[in-house]
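The values are calculated or read from the model by the stated rules, or taken from the named source; none is laboratory data. Treat the numbers as computed from the prediction; the structure is a model and nothing was measured. Cβ sites come from the backbone with ideal geometry, for glycine too, and all protein chains shown count toward neighbours.
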Amino acid sequence: MTTLRPRKITRSDNPNTQTGFLPRYATLVSGRRSKWAVLLIWFVLIAAGGSLAAKLGDVQDNDPETWLPSSAQSTQAVELAEKYFADKDSSTAVVVYARTGGLTAADREKIAADRGTLQGDVAVGDVSEPQVSADGKAAFLSYPLRTSPSDNAVLTDAVGTSEDIVKENAPDGLDIRIAGEAGSVRDFAEVYSGMDGALLGAALAVVAVLLLLTYRSPVLWLVPLLTVFLASQVASGVVYLLAEHAGLLVNGLSAYILMILCVGVGTDYALLLIARYREELHRHEDRHDAMRIAVRHSMPALTASAATVALATLCLVFGSMNSTRGLGPVVAIGIAVVFAAMTSLLPALLVILGRWTFWPFVPRHTPGPAAGVEKEHGTWARVARAVGRRPRLIWAASLGVLALLALGTTTVQTGQTQAEQFTKTVDSVEGQRLLAAHFPAGSAAPADIYVPAEAADAALRAVQDVTGVESAATQRTAGGWTHLTAVFEDAPDTTAAQDTVERMRTALDKAPGDSADAVVGGQTAIALDTADAQRDEEMLLIPLILAVVLLMLVLVLRAVVAPLVLLASVVLSYAAAVGAASLLFHAIDYPRIDRGLLLIGFLFLVALGVDYTIFLMARAREEVRLRGHREGILTGLTVTGGVITSAGVVLAATFCVLAAIPTVASLQQGLLIAIGILLDTFLVRSLLIPALSLGIGARIWRPGHPEDEAPPPGERPSQTARVDVGA
C-alpha cells in the first residue's frame, strides 16, 4: 500500500538557507508578499495581450501560394504572372450553370446577362465567353477576382457578390454553383469563419468537465481554467505582434493549433503542479511552504517538458515551406507563455485563495501518515505492484500491441481531392462535380505555363502532345514571356492531373529552344510542389526533431540508455497511432490524408509523448536516488499515475475539439493526435516504460548512478511517498 509520511522542513526546504534560481523562484511565486507582485505583473500582461489577441485573425495569411518554397515552379509561375501579366492579388472564379434536361433559351439569356453584370461589378479582368458543354446541359463563365494577402474578406466578399448576381432572377430548376480557386478559398473561409471563439469555448468546456470530474470540487477547476484562458490570450497577443511587425507567418492552421495547445498543455501543467501541491498540503500546515516546495519539485519536469516541446517545434523553422516555418515559432511562443503562467500565475492564485478552493475534499495538514493521500494513489499502487510482479510479460505484450497497431500504416493513403477536403457539402465541390460531368474535368483550373516568347510555339506543341492534356492554347505575351494554358483530362485536384504536370515539365525540358526555362504553375502544380516539399521536409525535420528530443532527455535524466529507450518507445507509439488512425479513417469513410498530417502528427506525438515520459522518469529518478532502482521506479509510477493519466485524457479530449471544424484535415489531425496521446498515456507510460525499466535494471540510468547518489540534505525515504511494491 502507499504510505505518505510527513515531510519535515529540512535545511533544503528552508527559504532562508536556499540559494540558486529555482529555490528563489519558488519562493517568489508563493511568498506572502511577492505573490501579489506576481499577480499584478500578469494583470498588466493580460490587459495588453487580451486586446491584441482579438486581432490575430487580421494577420492570418491563408493564400496557398505563399506556403510554397521559393524554388518551386508553381511559385515562380505566380511571380511571373504578377510581374508581367498584372495577375497580382487575383484568383479565378468559375460560375457553373447546369440543367438536367438541357439549358433553355431563358437559361442562355441569364448566362449572357450575368457575364455583363459580372464584368462591370466584380471582375478585375475579362469574363470569358460562355463555354457550353457538348451535351447542351451545362455552361460556365470564368473570371478573376481581387484578393488580398492580408485580408481574406476581400476575396470572400467578391465571391459573395458574384453569388448574389448569378442567383438573382435565376430560372427555376437551373443549378448554379461557384467553383474554381476563388470558390474553394471562399468555402474554406466560410467553414473557418467564427471558429476561433467557438473552438476556444469548446476546448474550455471540455477541460471544465474533465477538471470537475478530476477534482470533484465546484471551485478548484475554475482556477486552472481561468489561468489557461488568460495565458492563451497573452500568447495570441504576442503572436499577433510578431506577425504584424516581424513578418511571422500565421495561418488558420497555426492559429488553431496555438489555441488548442495552450488549453491542453496548460491544463496538463496545472494538473501536475496542483497534484504536487495537494501532497505538500498534507505535510505542511502553512500553504506558502507547501506551494514553495511543490513548485521547487515540479519545476524541473515542467521546464524539461516545455523546453522539449518548444525546441522540437522550433525545428520547423528549417522547413522549406513558409507555413511550416511559421508554425514552429507560433507553437513555441504558446508553450513558453503557458509554462510561465502555470508556474507563476497559477501558484500565486492558489496561495492567495487558500485551501478552501479544494472543498469539499480539502487537504488537511496530517502530522502522522497521510491516509487521505494514500487513498488517492490506491489504484496506481495496484498497477505498480502488477508491473513489478511480471515486468517481462507486460513489456513484451505492450510492444506486441504497438507493433500490431503499427501494421495499420500500410493502409495510409495520401493525396486528398477537393471533394475529400470537407465534411459537409460546399458549392465549390458541387461545381467541380458538375464540370467533371459535362466538360473535360480540368476545365475549372487550367495549368498556367510561362515560357520565353521566342520558344512559345515549340512549347505549345510540346504541351499539346503530352498525355493527359485535353487542349492547350496561347493566351498573351508580355515582357518577353508568353502565357500558355492547358486543360487536363482529369480533375485538377487528382493525382492523375499531378502526373500530367510532371510529364508536361519533362516535355518542356526536352523541347527545342528556351522551352527548358518554362515554368508550370496553377492549382495542380501547387498541390504537386506542396507534396514534394512536404516529403523533403519529412526527410530533414524528422531526424532533427528526434535529435533535439534525445538531447533534452539526456540532459534531464543525466543518462544515455534511458533516453534511447524512451525515444524508441515514442517513435513506435507514433507508428502505432498512425496505423490505428488510418484504420479509423477508413472506417469513417475518410481514407485519404493530406501528407502534411504525417509531419505535424510526428512533431506533436513525439514531443507530447516524451512529455508524459519525462514526468514519470524525472519523478522515478528522484525516488531511485532515495530508495533504489526497483522501488523507485514503482513509486514514481504510483505517485504520478493518476495525474498523468488525467493530463493525457484532458489533452486528448482537447485535440478532439478540432473535429468541430468541418474539414477532413482538422478531423483527422484531432483524431490522430488524440489516439497517440491516449496510447502514450495508458500503454507506453503506464506499462511499457516502467516494465522495461525494471527489465533493464539500474543499467537504464547509465552512465549515471542515481541509486548511489546521496539524497538532498535532511531528506530520507521515510519522509516521502512509499510504496509496498511486493515481492
inquiry  = Contact list please: Cβ distance under 9 Å, first residue in region 404-426 and free of Cβ contacts under 8 Å to residues at least 40 places away in the same chain and at positive phi, second residue surrounded by 17 or more Cβ atoms within 10 Å (Cβ to Cβ) and of a type outside the set (Lys, Arg), pairs at least six apart or on different chains.
reply    = none
task = Tally the residues that are in contact with a Gly (Cβ under 7 Å, 6 or more places away or on another chain) and in a helix (DSSP H, G or I), restricting the search to region 577-600.
result = 6
ask   = Just one of the numbered conditions (1) touching a strand residue (DSSP E or B) at 6+ places or on another chain (Cβ under 8 Å); (2) over 30 Å from Ala445 (Cβ atoms); (3) part of a loop (DSSP other than H, G, I, E, B) is not true of Val239; which one?
value = (3)
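Condition check ((1) closer than 30 Å to Leu248 by Cα; (2) modelled with pLDDT under 85; (3) assigned by TED's automatic domain parsing to the domain that holds Gly50; (4) not β-branched (Val, Ile, Thr)) across all residues:
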{"position": "Leu118", "(1), (2), (3), (4)": "no, no, no, yes"}
{"position": "Gly125", "(1), (2), (3), (4)": "no, yes, no, yes"}
{"position": "Lys137", "(1), (2), (3), (4)": "no, no, no, yes"}
{"position": "Ser150", "(1), (2), (3), (4)": "yes, yes, no, yes"}
{"position": "Ser193", "(1), (2), (3), (4)": "yes, yes, no, yes"}
{"position": "Ala198", "(1), (2), (3), (4)": "yes, yes, no, yes"}
inquiry  = Considering only residues that are hydrophobic (A, V, I, L, M, F, W, C), under 20 Å from Trp221 (Cα atoms) and over 29 Å from the mean Cα position of the chain (by Cα), which ones fall in region 271-302?
reply    = Leu281, Ala290, Met291, Ala294
ask   = If you go through region 555-571 one residue at a time, do you hit one that is in a helix (DSSP H, G or I), hydrophobic (A, V, I, L, M, F, W, C) and closer than 18 Å to Ala665 by Cβ?
value = no
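What residue, among those in region 94-142 that are of a type outside the set (Val, Ile, Thr) and assigned to a strand (DSSP E or B), is nearest to Arg177 (Cα to Cα)?
Result: Tyr97.
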inquiry  = Among the residues of region 204-220, are any closer than 20 Å to Thr303 by Cα and in contact with a Leu (Cβ under 8 Å, 6 or more places away or on another chain)?
reply    = no
ask   = With Thr635, Thr654, Thr613, Thr640 as the choices, which residue is closer than 29 Å to Ala381 by Cβ, part of a helix (DSSP H, G or I) and within 19 Å of the chain's Cα centre (by Cα)?
value = Thr654
query = Within region 267-280, can you find the residues that are closer than 16 Å to Val29 by Cβ and not charged (D, E, K, R)?
reply = Tyr269, Ala270, Leu272, Leu273, Ile274, Tyr277
Which numbered condition Thr467 fails, given (1) of a type in the set (S, T, N, Q); (2) modelled with pLDDT of 90 or more; (3) under 35 Å from the mean Cα position of the chain (by Cα) = (3)
query = Which of the residues spanning region 486-507 are among the hydrophobic types (A, V, I, L, M, F, W, C) and in contact with a strand residue (DSSP E or B) (Cβ under 7 Å, 6 or more places away or on another chain)?
reply = Ala486, Val487, Phe488, Ala497, Val501, Met504
ask   = Taking region 158-191 as the region of interest, how many residues are of a type in the set (Ser, Thr, Tyr) and modelled with pLDDT under 90?
value = 1
